[in-house]
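Novice: Provided herewith is a single structure, encoded as structure tokens, for subsequent inquiry.
No value in this document is a laboratory result; all are computed from the given coordinates. Treat the numbers as computed from the prediction; the structure is a model and nothing was measured. So basically every Cβ, Gly included, is an ideal-geometry build from the backbone, and we count neighbours across all protein chains shown.
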Amino acid sequence: MDPRRAQNGLIRTAVQGLNTANQRHPWSHNDAFHSWILTRAPARRGLAIDIGCGRGELAAILANHFSTVHALDTDPDMRRATGQRCAGLANVHVENVPLDDLPQDADQITMIAVLHHLDLDTALRQVSHSLAPGGRFLCVGLARLDGPTDIAWDLACALTNPVIGYIRHPWPADSAATEAPIPTKEPRQSVDQIREALDRLMPGAVLRRRLAFRYTIEWTKPLQ
């Protein structure tokens with residue numbers, strides 16, 4: 001047997017096995033970071049803004065920790081889903097607000113799998129402008145693969161994904177999701193490019209690669 005053909009066959013088998021495991025034990029890579037956000041919430045908790053709120057899972061959680069939550073999304077299906085989820089929460093306002101009209105003096109601004117949908121520099125500037133001094137920007141994002149380090153992290157994510165799925169969702173999935181699909185987009189910037197933009201526009205921001213094919217950004221606006 002051709003060794004190269006045998007190797008390719010093993011790779012295909014491994015990939016198929018990973019895909020099967022992921023389908024049997026699905027989990028939300030985005031929801032997994034809610035606890036990361038909550039443990040980094042600022043001391044002052046008046047106004048929170050969740051940009052790209054999706055189906056409203058995070059907005060509903062933030063409503064228990066902040067006086068007012070603005071859940072923003074440009075997609076009408078996502079706003080509708082968030083409105084339904086947060087129907088009993090009087091302090092959650094679901095809106096379609098452009099970045100340059102963000103509410104001011106926010107104590108916290110969050111994005112989960114959203115930054116790559118936006119113009120990077122514009123989004124970071126608007127977030128910085130809208131945060132109150134001492135306010136916190138907490139972002140969970142996706143980046144384009146660019147170089148051996150990114151590829152190594154992606155491989156680690158692929159290998160650990162079914163393990164995490166089994167731990168978080170040990171029972172096999174028996175039905176497809178019926179919720180409105182969240183809009184997706186391929187990321188354009190690499191981790192290094194995002195870090196360079198942060199150095200220019202949010203000095204002191206901390207960017208870390210994470211499992212689940214994600215990175216995180218944590219930044220506190222200086223107190224003037």
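Novice: May I ask you to sort GLU57, GLU95, GLU186 by Cβ crowding, counting other Cβ atoms within 10 Å and putting the fewest first?
Specialist: With the sparsest Cβ surroundings first, the list reads GLU186, GLU95, GLU57.
Novice: To make sure I understand, if each residue's beta carbon is the centre and we count other beta carbons within 10 Å, what order do VAL69, VAL92, VAL206 fall in, fewest to most? All intermediate terms of the calculation are to be shown ahead of the outcome.
Specialist: Values: VAL69 27, VAL92 24, VAL206 12.
The fewest-first ordering by Cβ neighbours comes to VAL206, VAL92, VAL69.
Novice: May I pose another question? What distance in nm separates the two pseudo spin-label positions at GLN84 and THR149, each 7 Å out from Cα along the beta-carbon direction?
Specialist: 4.3
Novice: Each residue of segment 202-219 in turn: what ³J(HN,Hα) in whole Hz from Karplus with 6.51, -1.76, 1.60 and θ = phi - 60°, glycine and Pro shown as x?
Specialist: 9, x, x, 5, 10, 10, 10, 6, 10, 5, 6, 6, 10, 10, 10, 10, 10, 8
Novice: Could you list CYS139, CYS157 so that the one with the fewest beta carbons within 10 Å of its beta carbon is first and the one with the most is last? Walk me through the numbers before you get to the answer.
Specialist: Working: CYS139 28, CYS157 17.
Placing the least packed residue first, the sequence is CYS157, CYS139.
Novice: Residue by residue through segment 154-159, which ³J(HN,Hα) values in whole Hz follow from phi under the Karplus form 6.51 cos²θ - 1.76 cosθ + 1.60 (θ = phi - 60°), with glycine and proline marked x?
Specialist: 5, 5, 4, 5, 4, 6
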